[in-house]
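The values are calculated or read from the model by the stated rules, or taken from the named source; none is laboratory data. The structure presented is a predicted model; accordingly, all values stated were derived computationally and were not measured. FYI the Cβ positions are ideal-geometry reconstructions off the backbone, even for glycines, and counts take in every protein chain you see. Accessible surface areas use protein heavy atoms only, side chains included; no ligands, DNA or RNA. Shrake-Rupley method; radii C 1.70, N 1.55, O 1.52, S 1.80 Å.
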Amino acid sequence: MTQAFEIGVRAKARCDLMGAAPFSEADDMLVRRFLTPAHKAALDTLKFWMEEAGMSVRLDPAGNLVGRYEGEPPGAPALLIGSHIDSVRNGGRYDGALGVMLAVDLIETFYRQGRRLPFALEAIAFGDEEGSRFPASMACSRAVAGTVDPYVVEMTDADGVSLAEAYAAFGLDPTRLVEAARKPGEVFAFLEAHIEQGPVLEAEGLALGVVTAIAAQKRILVRFKGQAGHAGTTPMGLRKDPGPAAAEAVLALERICREGPLGGIDGLVGTVGRMTALPGAFNVIPGAAEFSMDIRAETSATRDAAVAAITAEIEAIAERRGLKVSVTLMQELAESPCDADLADLLAAAVGDLDQPDRRLPSGAGHDAMVIADLCPTAMLFIRCEGGISHNPAEAVTDADCALAARAMVGFVEKLAMNNDFSKTQA
Ligand code: GLV
Ligand code: MN
Ligand code: MN
């Protein structure tokens, strides 16, 4: 069989194709949320591509699409390769999807050569890495890792639809979510390729980087409760307005994350990505104000110190203004180091392409940090223009995608030559 596509370049082109309807929920932007018709359309096409690449394909009970290319002997442990297929609202075309499409190109390369490896190759498209539909993300990769809380199906989206209802509408049984867990020994390692989503590689003129560790993060929902009232008749001194309280809290978050609560920054970043005043009208003093906090740092200790300092400020603001407040943890992920031996192997594959050995941490969250509970992980970063991501302006070059794909093939070749790895890890 001949290979009629340019590895990596085709992966990028497939992401471009999936950047619009029907693979997006909207005509004027890319938004592909978990268990929506756009997600279904993407999986239908991806299934076709995976089958064309020699894989047998299944939708697992969590809604991940998994394609398997058998090794020799059949039934051997698998190297799992992939990323997520969902997007943020008005997102870019490559965040997640590129890692999925690269996995397909990689596996198809071995299939076209008629080569079987001493281990299986599996491509995976995780369903919900972004959390753009339901408040907690990565239920799909947690299900694969065997760490999902079955009660996660009770969480609801902005329309009040529960994850259980969304699964049922998608044709999946929510009570079977935990059955997506891989058994010990079935998967010996995980490889995720992803755009860097930051400016470091571009600034240094590098196409590729090898990830050392993924930052710790917490997602928290804050809700100040006051007294709704008439905007024209209630004097300023007699209000219980949660709006200004939320504004003060956001400024406190910014100050604490800039200064670093432990005397150092340690990669600390804090973001308020969503703010709502309720009921939400020009002429109504809000009865409640709600906002999200996303706090990350290289270590859980720095992250938690920042969260504690911000929470203390929030409580003091509520007290001073005579308001009620709730601070609810929606998601917690510890920092996740990538496997040092796999990172060396990946760096060697990058080096074979005459690319420098650049190691860097990831501030963005990735499925790899959850899959680390199942098996050792490796991550390859690909330069993206201006470091811009979570934005329709996300851009990568054909040349960089081709290099990434070739590095991934080299990595797999090295693993096959050093097959002890799959045996010792399995
Ligand atoms: C995912 O992109 C995240 O880092 O939140
Ligand atoms: Mn993302
Ligand atoms: Mn991503």
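Sparsely packed loop sites in region 23-69 (the chymotrypsin sites (Phe, Trp or Tyr not before Pro) outside DSSP H, G, I, E and B with at most 10 other Cβ atoms within 10 Å) do not occur.
This model, with +1 at the C-beta of Lys and Arg and -1 at the C-beta of Asp and Glu, gives the chain a dipole about its Cα centre of some 860 debye. The stretch between LEU329 and GLU179 holds 51.4 nm of extra length on full extension. This uses 0.36 nm per residue minus the Cα-Cα distance. Here region 84-121 and region 344-411 have alpha carbon centers that stand 13 Å from each other.
With an a/c value of 1.5 or above and a/b not larger than b/c for the gyration tensor axes a ≥ b ≥ c computed over the alpha-carbon atoms, region 1-90 is described as oblate.
Once the chain from THR147 to GLN3 is taken as fully extended at 0.36 nm per residue, the excess over their C-alpha distance is 47.9 nm. Rounded to the nearest angstrom and listed largest first, the equivalent-ellipsoid semi-axes of region 65-114 from its Cα gyration tensor are 27, 12, 6.
Report the net charge of residues surrounding GLY322, where surrounding means a beta-carbon distance below 12 angstrom and charges are Lys +1, Arg +1, Asp -1, Glu -1. Counting the neighbours of GLY322, the net charge comes to +4.
Here's the picture: charge each Lys and Arg Cβ at +1 and each Asp and Glu Cβ at -1 in region 9-63, and of VAL57, GLY19, PHE34 the one pushed furthest to the positive end of that dipole is VAL57.
For region 343-416, the square roots of the Cα gyration tensor eigenvalues, ordered a ≥ b ≥ c, give a/c of at least 1.5 with a/b no greater than b/c, which places it in the oblate category. Please state the relative contact order of region 217-333 as a whole percent: Cα pairs under 8 Å, 6+ residues apart? Once divided by the residue count of region 217-333, the mean separation gives 44 percent. According to the Cα-based calculation, Rg over Rh for region 217-333 is 1.03, with Rh computed by the Kirkwood formula. Measuring from label point to label point, each 7 Å out along Cα→Cβ, what is the HIS230 to ALA348 span in nm? So the two model labels end up 7.8 nm from each other.
Solvent exposure of the chain amounts to 41 Å² per residue of accessible area, where only protein heavy atoms count and the probe is 1.4 Å. All C-alpha pair distances within region 102-250, sorted into 5 Å bins from zero, spread as 2, 6, 10, 13, 12, 13, 12, 10, 8, 5, 4, 3, 2, 1, 1, 0 percent across the bins.
Taking VAL200, VAL31 and ordering them by how much accessible surface each has at a 1.4 Å probe, largest first, produces VAL200, VAL31. With R₀ set to 51 Å, the beta-carbon distance separating VAL272 from ARG115 gives a calculated FRET efficiency near 0.55.
Rg and Dmax over the alpha-carbon atoms of region 300-373 stand at 19.9, 64 Å. With the cut-off at 1.5 for a/c, could you classify region 161-249 from its C-alpha gyration tensor as rounded, prolate or oblate? Taking the square roots of the gyration eigenvalues as a ≥ b ≥ c, region 161-249 is oblate. When +1 charges are put on Lys and Arg Cβ atoms and -1 charges on Asp and Glu Cβ atoms, the dipole computed for region 217-333 relative to its Cα centre reaches about 400 debye.
Within region 340-423, none of the trypsin sites (Lys or Arg not before Pro) combine a DSSP coil assignment with at most 12 other C-beta atoms in a 10 angstrom radius. The DSSP beta bridges internal to the chain are antiparallel in roughly 70% of cases.
Distance distribution P(r), the chain, all Cα-Cα pairs, bin width 10 angstrom from 0: 5, 21, 30, 25, 12, 5, 2, 0 percent.
Per atom type, region 45-130 shows carbon and sulfur on 48% of its accessible surface, probed at 1.4 Å. Taking the charge dipole of the chain about its Cα centre, with +1 at Lys and Arg Cβ atoms and -1 at Asp and Glu Cβ atoms, the residue from PRO174, ALA139, ALA368 reaching farthest to the positive side is PRO174. Legend: calculated FRET efficiency, GLU51 to ARG358, from the Cβ-Cβ distance at R0 = 25 Å, rounded to 0.05, equals 0.10. Based on Cα contacts under 8 Å between residues 6+ apart, the chain shows a relative contact order of 21 percent.
When the trypsin sites (Lys or Arg not before Pro) in region 225-324 are filtered for DSSP coil states and for at most 15 other beta-carbon atoms within 10 Å of their beta-carbon, the remaining sites are ARG274.
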